[in-house]
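Peer 1: First the structure, which I've put down as structure tokens, then a few questions once you've had a look.
The values are calculated or read from the model by the stated rules, or taken from the named source; none is laboratory data. Computed from a predicted structure; not experimentally measured. A quick note on method: Cβ atoms are made from the backbone with ideal geometry, for glycine too, and the neighbour counts reach across all protein chains shown. Only protein heavy atoms, including side chains, enter the accessible area calculation; ligands, DNA and RNA are left aside. Shrake-Rupley method; radii C 1.70, N 1.55, O 1.52, S 1.80 Å.
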Amino acid sequence: MSIETEKKYRLRKEDMDQVANELDDLNAEFSGEVFEENRLFGNDLLKAKKAVLRIRTTENESIITYKEFVPNSMGVKQHVEYETKVESAETLEKILNNLGLEKQMIYEKRRRTWKFKQVEVVLDELPFGLFMEIEGSLMGIAEAEMFIGADEFEIEPAAYPYLVKKYGRRIENRIEARFNDPANDANK
């Protein structure tokens, strides 16, 4: 079992540029930039467990992830997390549908990733805003916050699925947040 620990911040464009420049100045290792489509599946059991099943697809790979919320009072988000690569996201989606899991949400994201000391720092652009996440140990997150100057940024306690639910658009039986949807432009 793996416990994911991360802290999220809501950024303005100038904040995002500042963080990217700061990471470059700190010689953080840039891992790359990807465009993601995230499809979340659920049912009553997952809802009761505060868990999601996600298929994340990029140009190069598809990954299935199970995430289950872990409550804490430390000011960070924690999830039990299991993930693995899959050969065919479309085939996996058919399997999940046949098991009674419904596709409940789709959201797109542009992500840039850096490795800095013992943490991963990501800068995310979603159709409804700009965000930074720092993932690692509590001490590693605190150290990265200090170097990056994150104490100036607004902490975003909500996970992306909650934000998509708030800012996305209902299409049939799911909620979507896509870049090519003009309805999302008003939410930035």
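Peer 1: If one takes the longest principal axis of the Cα atoms in the chain, at what angle in degrees, from 0 to 90 and to the nearest 10, does the Cα axis of helix 13-25 lie?
Peer 2: Computed tilt is about 60 degrees.
Peer 1: Still on this model: Mind listing the Cα extents of the stretch 115-188 along all three principal axes, in Å, largest one first?
Peer 2: Largest to smallest, the principal-axis extents are 43, 21, 19 Å.
Peer 1: P(r) of the stretch 91-156 in 5 Å steps, Cα pairs, percent per bin?
Peer 2: Each 5 Å bin holds this share of Cα pairs: 4, 15, 19, 16, 11, 11, 11, 7, 5, 1.
Peer 1: Ignoring ligands, DNA and RNA, what accessible area per residue does the stretch 99-179 give at 1.4 Å, in Å²? The partial results should precede the final answer.
Peer 2: Details: 3940 Å² over 81 residues.
That works out to 49 Å² for each residue.
Peer 1: With all pairs of different alpha carbon atoms counted, what Kirkwood hydrodynamic radius in Å does the stretch 1-66 show?
Peer 2: For the stretch 1-66, inverting the mean 1/r across all distinct Cα pairs yields 15.1 Å.
Peer 1: For Asn97 and Arg10, calculate 0.36 nm times their separation in residues minus their Cα-Cα distance, and state this gained length in nm to one decimal. Intermediate values should be presented prior to the final figure.
Peer 2: On the way: separation 87, 0.36 × 87 = 31.32 nm, distance 3.37 nm.
Taking 0.36 nm per residue and subtracting the Cα distance, the gain is 28.0 nm.
Peer 1: Ignoring ligands, DNA and RNA, what percent of the 1.4 Å accessible area of the stretch 6-153 is carbon and sulfur?
Peer 2: Its accessible area is 49 percent carbon and sulfur atoms.
Peer 1: So between Glu33 and Glu68, what do we pick up on full extension, going 0.36 nm a residue minus the alpha carbon distance?
Peer 2: Answer, rounded to one decimal: 10.0 nm.
Peer 1: If you find the alpha carbon centre of the stretch 106-121 and of the stretch 154-182, how far apart are they in angstrom?
Peer 2: When both Cα centres are located, 19 Å separates them.
Peer 1: What is the Cα centroid distance between the stretch 132-147 and the stretch 33-49, reported in whole angstrom?
Peer 2: Result: 25 Å between the Cα centres.
Peer 1: Continuing with this model, one more query. Determine one quarter of the surface area of the Cα convex hull of the chain, which equals its mean projected area, and express it in nm² to one decimal.
Peer 2: Computing the convex hull of the Cα atoms and averaging its projections yields 11.1 nm².
Peer 1: Report, in listed order, any pair from Lys67/Lys94; Lys8/Lys117; Lys49/Lys115; Lys13/Lys77 with a Cα-Cα distance greater than 26 Å.
Peer 2: Listed pairs above 26 Å: Lys49/Lys115.
Peer 1: Where in the stretch 23-43 does the amide nitrogen come within less than 18 Å of the point 7 Å from the Cα of Thr58, taken along Cα to Cβ?
Peer 2: 28-40
Peer 1: State the Kirkwood hydrodynamic radius of the stretch 35-121 in Å, one decimal place, computed from all pairs of distinct Cα atoms.
Peer 2: By the Kirkwood definition, the hydrodynamic radius is 14.3 Å.
Peer 1: Toward the positive end of the charge dipole of the chain, about the Cα centre and with charges on Cβ (Lys, Arg +1; Asp, Glu -1), which of Phe128, Gly32, Pro161 goes farthest?
Peer 2: Highest projection toward the positive end goes to Pro161.
Peer 1: Another one. Using square roots of five times the C-alpha gyration tensor eigenvalues, list the equivalent-ellipsoid semi-axes of the stretch 33-86 in whole Å, biggest first.
Peer 2: Taking √(5λ) for each Cα gyration eigenvalue gives 23, 15, 9 Å.
Peer 1: If I take R0 = 22 Å and measure r between the Cβ atoms of Met146 and Asp17 in this structure, what FRET efficiency does the formula 1/(1 + (r/R0)^6) give, to the nearest 0.05?
Peer 2: About 0.65, to the nearest 0.05.
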